[in-house]
Each structure stands twice: as C-alpha cells, then as structure tokens.
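K.L.:
Take this structure, written in structure tokens, and hold onto it; I'll ask about it next.
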Amino acid sequence: SRFTKAAMRLAIFEMLYMHDVPTGVAINECVELTKKYEEGEVASFVNGILGSVARGQQKKEEEQ
C-alpha cells in the first residue's frame, strides 16, 4: 500500500542520511507502524527489506 511504501522510504532515508538515528531504531519504528496499519505478514516483509538495505549500507561503509 502507499502507507507501507512511504514508511519504508522514511526508514531508508533515516538509515542513509540521518546519522543520529540508529539503524535498528529506524527499522523498528517502520515495522511497528506497519504492524499497526497492515497485516502481520506485511510487517515481516518490511523487516526483511529494511534489514537487507541496512546490511548493504554496512557493507558499503566497511569498504570505504
């Protein structure tokens, strides 16, 4: 849904550009919002996608 996409965009923005927000917090906030407004399996999907983004960002930072 549009809500889920917007929440994921916000979480990804926080992970990539707001260094004062811990990655885990950005992911958890998005997952909790998704649980509140969507079905449970959507929250699992969001968690997986954001976890993948976080791992990719961590790997990129380690290479620099």
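The values are calculated or read from the model by the stated rules, or taken from the named source; none is laboratory data. Not measured: the values here are computed from a predicted model. Using ideal geometry, Cβ is built from the backbone for each residue, glycine included, and neighbour counts are taken over all protein chains shown. With ligands, DNA and RNA removed, areas are computed over all heavy atoms of the protein, side chains included. Shrake-Rupley method; radii C 1.70, N 1.55, O 1.52, S 1.80 Å.
K.L.:
How many of the residues making up the range 3-30 are under 15 Å from Phe45 (Cα atoms) and among the charged types (D, E, K, R)?
P.N.:
Total satisfying the criteria: 3.
K.L.:
Mind checking which pairs have a first residue in the range 10-33 that is free of Cβ contacts under 8 Å to residues at least 24 places away in the same chain and a second that is not in a helix (DSSP H, G or I), Cβ under 8 Å, 6 or more apart or different chains?
P.N.:
Glu14/Val21
K.L.:
For the range 19-64, name all the residues that are farther than 20 Å from Thr4 by Cβ and more than 13 Å from the chain's Cα centre (by Cα).
P.N.:
His19, Asp20, Gln58, Lys59, Lys60, Glu61, Glu62, Glu63, Gln64
K.L.:
Another question about this same structure. Within the range 6-23, track down each residue that is open to solvent by 50 Å² or more (accessible area, probe 1.4 Å), outside any loop (DSSP other than H, G, I, E, B) and of a type outside the set (A, V, I, L, M).
P.N.:
Across the range 6-23, the qualifying residues are Arg9, Phe13, Tyr17, Thr23.
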